[in-house]
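Following: one structure in structure tokens, then a few remarks.
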There are 2 protein chains.
Amino acid sequence: MALDTASLRSRAVESIPSPSLHEGGLFAGCPELVGSPFAYARDEEIYGEGEEAEFVYRVTSGAVRTYKILGDGRRQITGFHLPGDLFGFEPGEVHTHTAEAISETKVLMVRRRQVARAAATRAEVACQLWSVAASGLRHAQDHMLLLGRRSAVERVAAFLMDVDDRLGATGTFDLPMTRRDIADYLGLTLETVSRTVTQLESDGALLRAGGRRVSLRRGRMRRAIEA
Amino acid sequence: MALDTASLRSRAVESIPSPSLHEGGLFAGCPELVGSPFAYARDEEIYGEGEEAEFVYRVTSGAVRTYKILGDGRRQITGFHLPGDLFGFEPGEVHTHTAEAISETKVLMVRRRQVARAAATRAEVACQLWSVAASGLRHAQDHMLLLGRRSAVERVAAFLMDVDDRLGATGTFDLPMTRRDIADYLGLTLETVSRTVTQLESDGALLRAGGRRVSLRRGRMRRAIEA
DNA sequence: CGACACTTTGAATTATTTCAAGAGTGGTGG
DNA sequence: CCACCACTCTTGAAATAATTCAAAGTGTCG
């Protein structure tokens, strides 16, 4: 199950950064779409729902959350975006969600119009956009299954394994986001997330070391989901 | 909240098909992508999760559900697809969900490779693919908010209003799918859906006439959601 | 009419939430 | 270097929304 919605980056790309990252381009083989660097502070808004979608972004460092929010404050995070991930490029004129930096974050940004223009003339660019959107769609559908049909333990376990995968699948990592962010991503409360992590720990599916560091026992993790 | 990328179309829309349907093409302005007609019986599988994604489809009549299912039978319907809607075209080699006809259904199908080839050479085709995928993504994100953060009444009310919209917003229509399908789309049980419809009726937000016919009082409906 | 599938309703159960304290962590400044 | 503050995380107990199990009602179609 994929953590986020619009991510081009494969696991391999994590540890062996993609050429496009080194080139500084938003899209591989697109010298005209280099992108301007920009930085955001923790919790700073990158764009808001309803605003004109002027730019598209690629994370170079840090992390971003995108979410939708209801009038009474209920929030659903639709994706976490890590270095290498693209976000914010929808074909519509207006952003359909809000994006915020989770921590100090650097991005590359390109005008949406430039991308649209490149896509209109170069089939390969348009194909890249298609495949990015389609992989986002795949992730979104996996997440629908999680939100609609999985229990709290299953959600948390799947989430932790997914984060591990994206961070190199070493089994040990620091969670980059708060319990509240996790809860709002998994459709739970922060207390339930906390309790569930505790439960997984006492089931021997993971170990915790101060702060947000965890070590997963993937085998037991999977068993914990079944049980 | 959109019911789907591929949504419920009214009988009216069926009788006044879109231009592209008349052309018989899967994509507007693509004579090479005409598509072969094919028919499926009620509950017949069109393709299964994990199968090679050989074709892409456009519904010409009837209705299709696409879903993911867990080992123990828990099912999440990710979309209902109605006449005019495209489905089944993912850039990957393999279908990530199952598609079934909800009722007698006719489709046009085209080999995925043909589409991929057309997209590779014609930017406008690739752009169409992008925008179809992106609108699916938008829908998926709205649905995530519904699944992760909305109550049963809110889910059902939003669903009913969405169906009404797609059936011409007349306020009165027949639900084309079973309670179980609705439940599996909304992440609820069929009993909860049933109870919730009853509750909305006694709140004066809708009227029921035998079978699956309902008349919405949109104003009260919205108030029922708030209360 | 009778069979069958779908829907409604009821009562008991349960997973998750809510409300309410504490405990841990990290940063800042005295 | 320690004390303190703000923030996040954990834990407990009570409340609740939704589920589960069970049965009866409704409609449809041969």
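The values are calculated or read from the model by the stated rules, or taken from the named source; none is laboratory data. Just so you know, these numbers come straight off a predicted model, no measurement behind them. All Cβ positions, even for glycine, are placed from backbone atoms using ideal geometry, and neighbour counts span all protein chains on display.
Does A:Leu186 fit the bill of being more than 14 Å from chain B (Cβ to nearest Cβ), touching a residue at least 40 places away in the same chain (Cβ under 8 Å) and either away from DNA strand C (no atom under 12 Å from the Cβ) or under 21 Å from the mean Cα position of the chain (by Cα) (or both)? Criteria not met by A:Leu186. Counting the residues of the stretch A:190-226 that are under 21 Å from the mean Cα position of the chain (by Cα), near DNA strand D (Cβ under 10 Å from one of its atoms) and at pLDDT 95 or above gives 5. The lone criterion from (1) closer than 25 Å to A:Arg149 by Cβ; (2) within 13 Å of chain A (Cβ to nearest Cβ); (3) not in a strand (DSSP E or B) left unmet by B:Ser103 is number (2).
Between A:Ala157, A:Ala205, A:Ala126, A:Ala183, the distinction of being assigned by TED's automatic domain parsing to the domain that holds A:Phe87 and among the aliphatic types (A, V, I, L, M) belongs to A:Ala126 only. Right, A:Glu104: exposed (fewer than 13 other Cβ atoms within 10 Å of the Cβ) and at pLDDT below 95 or not? In short, no. Within the option set B:Thr172, B:Thr178, being within 16 Å of DNA strand C (Cβ to nearest atom), hydroxyl-bearing (Ser, Thr, Tyr), in contact (Cβ under 8 Å) with a residue 40 or more places away in the chain and touching a Leu at 6+ places or on another chain (Cβ under 9 Å) holds for one residue only, B:Thr172.
State all residues of the stretch B:46-76 that are more than 15 Å from the chain's Cα centre (by Cα), among the β-branched types (Val, Ile, Thr) and farther than 30 Å from A:Glu226 by Cβ; if no residue qualifies, say none. Residue satisfying the conditions is B:Val56 alone. Which residues, taken from the stretch A:87-97, are more than 9 Å from chain B (Cβ to nearest Cβ) and in contact with a Ser or Thr (Cβ under 7 Å, 6 or more places away or on another chain)? Of everything in the stretch A:87-97, just one residue is more than 9 Å from chain B (Cβ to nearest Cβ) and in contact with a Ser or Thr (Cβ under 7 Å, 6 or more places away or on another chain), namely A:Phe87.
For B:Arg149, the conditions (1) more than 21 Å from A:Tyr185 (Cα to Cα); (2) buried (at least 16 other Cβ atoms within 10 Å of the Cβ) are fulfilled apart from (1).
For the structure I just gave you, tell me whether A:Thr178 is within 14 Å of another protein chain (Cβ to nearest Cβ) and either among the basic types (Lys, Arg) or surrounded by fewer than 16 Cβ atoms within 10 Å (Cβ to Cβ) (or both). Criteria not met by A:Thr178.
For the stretch A:37-67, residues that are surrounded by fewer than 20 Cβ atoms within 10 Å (Cβ to Cβ), without any contact (Cβ under 8 Å) to a residue 60 or more places away in the chain and in contact with a Leu (Cβ under 7 Å, 6 or more places away or on another chain) total 1.
Close contacts from the stretch B:191-208, counting a first residue that is within 14 Å of chain A (Cβ to nearest Cβ) and farther than 12 Å from B:Ala157 by Cα and a second that is assigned to a helix (DSSP H, G or I) and within 9 Å of DNA strand D (Cβ to nearest atom), with Cβ to Cβ under 8 Å and a gap of 6+ residues or different chains, come to B:Thr192/B:Ala152; B:Thr192/B:Ala183.
Give the stretch A:45-82 a look and list any residue that's assigned to a strand (DSSP E or B), aliphatic (A, V, I, L, M) and within 14 Å of chain B (Cβ to nearest Cβ), or say none. Residues satisfying the conditions are A:Val56, A:Ile69, A:Ile77.
Looking at the structure I just gave you, is B:Ala140 small (Gly, Ala, Ser), farther than 19 Å from B:Arg218 by Cβ, more than 13 Å from DNA strand D (Cβ to nearest atom) and in contact (Cβ under 8 Å) with a residue 60 or more places away in the chain? Spelling it out, B:Ala140 is indeed small (Gly, Ala, Ser), farther than 19 Å from B:Arg218 by Cβ, more than 13 Å from DNA strand D (Cβ to nearest atom) and in contact (Cβ under 8 Å) with a residue 60 or more places away in the chain.
Checking each residue in the stretch A:115-140 for being surrounded by fewer than 21 Cβ atoms within 10 Å (Cβ to Cβ), at the interface with another protein chain (Cβ under 8 Å from one of its Cβ atoms) and among the hydrophobic types (A, V, I, L, M, F, W, C) picks out A:Ala120, A:Ala123.
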